[in-house]
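Okay, structure first, notes after.
The values are calculated or read from the model by the stated rules, or taken from the named source; none is laboratory data. Treat the numbers as computed from the prediction; the structure is a model and nothing was measured. Don't worry about glycine lacking a Cβ; one is built from the backbone with ideal geometry, like all the others, and counts go over all protein chains shown.
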Amino acid sequence: VSAVLATPAETRFEALPALVNADAGLVRRGRYLTTTFLVEVGSTAYLVHVVEGRLVRLERGPFLMRAWAFAVRAPAEAWARFWEPVPLPGYHDLFAMTKAGVARLEGDLRPLLANLRYVKDVLAAPRQREG
Amino acid sequence: MADLEPMVGRYLRLDLGGRSHRIYFEEAGTGIPLLCLHTAGSDGRQFRHLLADEAVTRHFRVLAFDLPWHGKSTPPPGWHDEEYRLTTQGYLDLVVGFAGALGLDRPVVLGCSIGGKLVLHLALAHPTGFRALIGLEAADEQTPWYDDTSWLHRPDVHGGEVCGALMSGLIAPQSPSDTRWETLWSYMQSGPGVFKGDLHFYRVDSDLHDRVGAIDTTRCPLYLLTGEYDFSCTPEDTRRTAARIPGARVTIMEGLGHFPMSEHPAEFRRYLLPVLDEIRAASVAPPAPRANR
């Protein structure tokens, strides 16, 4: 088991606001996006609050009555593989994982697809840290 | 002295389906014609590294056109009032018409993705017209990885941005940044609805799964090369296709994705050059008489 897989996926995901907000290019690309989306890392749910490209808050669940625009759900192990410096085929892209049934997309996909590069880069941000 | 690259570009006037077209193409090299077909929603620039590779152009006349509506090819008059859709017959007519107009003698055709799928159609429709066929990221059918192509062309989602962002995942993580982003740039530039229209051919109009078994590789050798990171046309899709075609040759390319010639040219040529050597050897020497056993 590599060092990457040894770090809990939840821990790596919780670094997301710092990683994203420190990346001026990424924040700029997301400047027209203000939304809340749900990410599940295994059984742990997070609400990611985005205001004009900045991750202003990351809330850890469980949630009972909360709204979100779209959701991305995958097992913790899948996220860990996704964040490997050089991911294996099938774990290298969000849509590779949804096609394989490893990850699921739900909800209103319009803000996701209108800002797809931004959202994909946000979700992949923990990968860069290990680079 | 000016640092000029070797390829030159020209426009060919060609009537297709009763309409006049103006097809842009680039070429370099001399020898066996090698006609290259780009992926959906992109254009012939994907082959610029191949067009500049002396190891190839020393023996091959490499040509790459932009499909109508793509790159520098002009959409036909009246385009503004129709929905673009690439069809199997239209694409076949274009390739055969282009080769005929330029007098290419039994060219080798190398096509990627939709181009790779067309290669399979060429093998069925014109088995004696080509000296070899090379399908990159090609299969008889593949399972869609996004099931609503209307996202590619609607007013509230930028078509170029979403096409580029979707395609980014099909590039292998090992591919260099410069060539990765150049590959995506052409996706970001394609005309409104063009990528979606190409997928009509890829997904709707060109199912081959019950037909590829009729491909006769003794008349025209068929090579299928697929990148291990391609989850659109997966290595398994290509292997399954090849298993239905006696004599088809399969190579799974490590560390490459859906755009091998443009996302990582240096890595791709390691796989392509031996194929081209083999085609050239067969082209120079007549096939050896079969030994009696």
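Structural remarks
- Conditions (1) touching a Cys at 6+ places or on another chain (Cβ under 7 Å); (2) outside any strand (DSSP E or B): number failed by B:Leu92: (1)
- Boolean, B:Leu208 is modelled with pLDDT under 95 and either buried (at least 18 other Cβ atoms within 10 Å of the Cβ) or within 14 Å of another protein chain (Cβ to nearest Cβ) (or both): yes
- Filtered residues of the stretch A:25-44 (kept if aliphatic (A, V, I, L, M), in a strand (DSSP E or B) and touching a strand residue (DSSP E or B) at 6+ places or on another chain (Cβ under 6 Å)): A:Leu38, A:Val39
- Residue pairs meeting the criteria (Cβ under 8 Å; at least 6 apart or on separate chains; first touching a residue at least 60 places away in the same chain (Cβ under 8 Å) and facing another protein chain (nearest Cβ under 9 Å), in the stretch A:86-113; second surrounded by fewer than 22 Cβ atoms within 10 Å (Cβ to Cβ) and not aliphatic (A, V, I, L, M)): none
- Failed condition for B:Arg106, given (1) buried (at least 20 other Cβ atoms within 10 Å of the Cβ); (2) more than 14 Å from chain A (Cβ to nearest Cβ): (1)
- Of the numbered criteria (1) touching a His at 6+ places or on another chain (Cβ under 9 Å); (2) under 21 Å from B:Ser186 (Cα atoms); (3) not polar (S, T, N, Q), the one B:Val8 fails is (1).
- Scanning the stretch B:59-79 for residues that are in a strand (DSSP E or B) and not hydroxyl-bearing (Ser, Thr, Tyr) yields a total of 6.
- So A:Arg117, is it within 8 Å of chain B (Cβ to nearest Cβ), in contact (Cβ under 8 Å) with a residue 12 or more places away in the chain and under 20 Å from A:Asp23 (Cβ atoms): yes
- Only a single item in (1) buried (at least 16 other Cβ atoms within 10 Å of the Cβ); (2) of a type outside the set (A, V, I, L, M, F, W, C); (3) away from chain A (no Cβ under 14 Å); (4) in contact with a strand residue (DSSP E or B) (Cβ under 9 Å, 6 or more places away or on another chain) is not met by B:Glu137, and it is number (3).
- Each residue in the stretch A:51-85 was checked for being among the aromatic types (Phe, Trp, Tyr), in contact with a strand residue (DSSP E or B) (Cβ under 8 Å, 6 or more places away or on another chain) and touching a residue at least 60 places away in the same chain (Cβ under 8 Å), and 1 of them qualify.
- A:Arg54 meets each of the listed conditions (1) more than 14 Å from every other protein chain (Cβ to nearest Cβ); (2) of a type outside the set (Asp, Glu); (3) exposed (fewer than 13 other Cβ atoms within 10 Å of the Cβ); (4) more than 19 Å from A:Leu105 (Cα to Cα) apart from (3).
- When the stretch A:74-131 is filtered for residues that are acidic (Asp, Glu) and either at pLDDT below 95 or under 12 Å from the mean Cα position of the chain (by Cα) (or both), the ones remaining, listed by number, are A:Asp93, A:Asp121, A:Glu130.
- Verdict on A:Arg29 being under 23 Å from B:Pro173 (Cα atoms), charged (D, E, K, R) and more than 14 Å from the chain's Cα centre (by Cα): yes
- Selection status of B:Tyr24, surrounded by 18 or more Cβ atoms within 10 Å (Cβ to Cβ) and of a type in the set (Ser, Thr, Tyr): yes
- Restricting attention to the stretch B:144-182 and to residues that are of a type in the set (Phe, Trp, Tyr) and at the interface with chain A (Cβ under 7 Å from one of its Cβ atoms), the residue that is surrounded by the most Cβ atoms within 10 Å (Cβ to Cβ) turns out to be B:Trp151.
- Of all residues in the stretch B:222-247, those that are part of a loop (DSSP other than H, G, I, E, B) and either hydrophobic (A, V, I, L, M, F, W, C) or surrounded by fewer than 24 Cβ atoms within 10 Å (Cβ to Cβ) (or both) total 7.
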